[in-house]
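To start, the structure itself, in structure tokens.
The values are calculated or read from the model by the stated rules, or taken from the named source; none is laboratory data. Bear in mind the structure is a predicted one, so any value in this text is a computation, not a measurement. Cβ atoms come from the backbone with ideal geometry, glycine included; neighbour counts cover every protein chain shown.
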Amino acid sequence: MCRTFGDHKAVDDVAFTLAPGGSLGIVGESGSGKTTTARMLVDLETPDAGSITVRGRERARRPRSRTERLARAREIQMVFQDPYLSLDPRVAVRDCVDEVLRLHAPDLGKQRRAARVAELLDQVGLGTREAGALPRRLSGGQRQRVAIARALAASPQVLILDEAVAALDVSIQAQILDLLVRVRREEGVAYLFVSHDLAVIRHITDDVVVLRSGRVVESGRTADVLAAPQHPYTRLLIDSVPRAGWDPERIAENRKALAAPDA
């Protein structure tokens, strides 16, 4: 896939494969092309070149009809970093999830939809009180659970999570990550996890792709890449995580060396 904005090539020949039911991480610093890549997968950006296929079906071109748009939405759903911006503040939680079911499961009657909404909310740890609440009445972690339930209501094959826990407190992050592990096990949905947080990537993904300036510089099994990185940029990302003996001045020097023209 490639995507250019003016003279800036945001994504340049990025390629990867996500296995059915698998979990792939895309990592890199701000501006590396992570989110642009994710947005192309869900039709929020159009690739300038390349192809996107889900089980052999091409997605790179724009859908031509409402039916095709809905079919593609059922293949891939996305959970954003800030769930409050993606939830309608005027709509109660249960109605938010019900709306997705009405679009993607029109054959369900009202009672069966209500039962499915309750099932989805229970799956993400929300009950009757949260179901009747407006988004502003919920905590950040609860809102992210609503966003996950809403995405799962479409029964997607792939769930893209774009910095989905970055805005949450550490303890809430752990709860959401454990929830995602359980949902993947129960539903068989594949994850594409976009993050700059290597600890999150280590916990949630099987494979990882490292982006730098819109290009893939390293990829492989997550455990192998993080344990023995081959590219200097991957090593820089790992070394930048604060820990005992961490030297920010050395990290800054390594960053300058990597940015040199012949690096």
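Structural remarks
- When the criteria are applied in full, Arg255 fails the requirement of being modelled with pLDDT under 90, out of contact with any helix residue (DSSP H, G or I) (no Cβ under 8 Å at 6 or more places or on another chain) and not assigned by TED's automatic domain parsing to the domain that holds Ala15.
- Selected residue (only one of Arg145, Arg185 is in contact with a Gly (Cβ under 8 Å, 6 or more places away or on another chain) and not β-branched (Val, Ile, Thr)): Arg145
- The stretch 15-35 - residue that is aliphatic (A, V, I, L, M) and closer than 23 Å to Leu70 by Cα and, of those, surrounded by the most Cβ atoms within 10 Å (Cβ to Cβ): Leu18
- Candidates Arg185, Arg145, Arg136, Arg215: the one that is farther than 18 Å from Phe80 by Cβ and without any contact (Cβ under 8 Å) to a residue 60 or more places away in the chain is Arg185.
- Subset of the stretch 53-68 (residues that are surrounded by 16 or more Cβ atoms within 10 Å (Cβ to Cβ) and in a loop (DSSP other than H, G, I, E, B)): Arg59, Ala60
- Residue in the stretch 43-62 that is among the β-branched types (Val, Ile, Thr), out of contact with any Ser or Thr (no Cβ under 6 Å at 6 or more places or on another chain) and under 26 Å from Ala223 (Cβ atoms) present: no
- Condition broken by Arg39, with the remaining ones in (1) outside any loop (DSSP other than H, G, I, E, B); (2) in contact (Cβ under 8 Å) with a residue 60 or more places away in the chain; (3) under 20 Å from Thr205 (Cα atoms); (4) not hydrophobic (A, V, I, L, M, F, W, C) satisfied: (2)
- In the stretch 63-120, the residues that are small (Gly, Ala, Ser) and under 29 Å from Pro47 (Cα atoms): Ser65, Ala71, Ala73, Ser86
- Single residue of Ser195, Ser171 found to be modelled with pLDDT under 95 and under 22 Å from Gly31 (Cα atoms): Ser195
- Number of the exception - Arg94 against (1) touching a residue at least 60 places away in the same chain (Cβ under 8 Å); (2) closer than 23 Å to Leu179 by Cβ; (3) not small (Gly, Ala, Ser): (1)
Rundown of residues vs (1) farther than 21 Å from Ser32 by Cβ; (2) outside the structural domain of Phe80 (by TED's automatic domain parsing); (3) part of a helix (DSSP H, G or I), yes/no style:
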{"site": "Ala164", "(1), (2), (3)": "no, no, no"}
{"site": "Ile172", "(1), (2), (3)": "yes, no, yes"}
{"site": "Val183", "(1), (2), (3)": "yes, no, yes"}
{"site": "Val209", "(1), (2), (3)": "no, no, no"}
{"site": "Arg235", "(1), (2), (3)": "no, yes, yes"}
{"site": "Ile238", "(1), (2), (3)": "no, yes, yes"}
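- Taking every residue in the stretch 77-91 that is under 18 Å from Leu159 (Cα atoms) and pairing it with any residue that is assigned to a loop (DSSP other than H, G, I, E, B) and basic (Lys, Arg), at least 6 positions away or on another chain, yields no pair with a Cβ-Cβ distance below 9 Å.
- Filter pass, Arg74 being assigned to a helix (DSSP H, G or I) and modelled with pLDDT of 85 or more: yes
- Criterion applied to Thr67, Thr128, Thr53, Thr36 was being under 17 Å from the mean Cα position of the chain (by Cα) and of a type in the set (Val, Ile, Thr), and the one residue passing it is Thr36.
- Members of the stretch 1-14 that are part of a loop (DSSP other than H, G, I, E, B) and surrounded by 11 or more Cβ atoms within 10 Å (Cβ to Cβ): Met1, Asp12, Asp13, Val14
- Looking at Ala49, Ala38, just one residue is of a type in the set (A, V, I, L, M) and surrounded by fewer than 17 Cβ atoms within 10 Å (Cβ to Cβ), and that residue is Ala49.
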